[in-house]
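Inspection log for the structure reproduced underneath, given as structure tokens.
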Amino acid sequence: MINAIGYESGLEDLYEATDLPVLQDDEKAQVWIRWEAQWRDTYVLDGDNELVGVYNLTEHDLSDPDEVQGLLDLLVAAAGG
């Protein structure tokens with residue numbers, strides 16, 4: 001996930017809410033803009049740091065087991081499994 005510039009104050013809450021990696025964007029990197037990120041996007045990269053897919057957690061409610069499986073499938077595919 002990419003935490004947008006200006007939302008650093010919520011990082012501790014974000015870390016407690018997820019086990020997924022979080023990138024804190026800054027003025028130099030401008031990742032949010034360059035990747036055209038949307039709120040609650042989860043970016044899945046492979047072992048070469050190539051983008052495999054984007055899984056938006058607003059569109060895909062992880063309280064639904066089918067949605068969890070969809071994300072797991074994407075993660076496993078990214079890991080080469």
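Key figures
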read-out	value
Dipole in debye (nearest 20) - the range 33-81, about Cα centre, beta carbon charges: Lys, Arg +1; Asp, Glu -1	180 debye
From the C-alpha gyration tensor of the chain, square roots of 5λ in Å	22, 16, 11
Additional length obtainable on full extension of the chain from residue 28 to residue 1, 0.36 nm per residue less Cα span	8.0 nm
For the chain, with +1 on Lys and Arg beta carbons and -1 on Asp and Glu, the positive-most of 79, 15, 33 along the dipole	33
Degrees between helix 65-78 axis and first principal axis of the chain (Cα, 0 to 90, nearest 10)	80 degrees
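Readers should treat all values here as calculations from the given coordinates under stated rules, not as data from a laboratory. These numbers were taken from a predicted model, which means no experiment stands behind them. Virtual Cβ from ideal backbone geometry, glycine too; neighbours counted across all protein chains shown.
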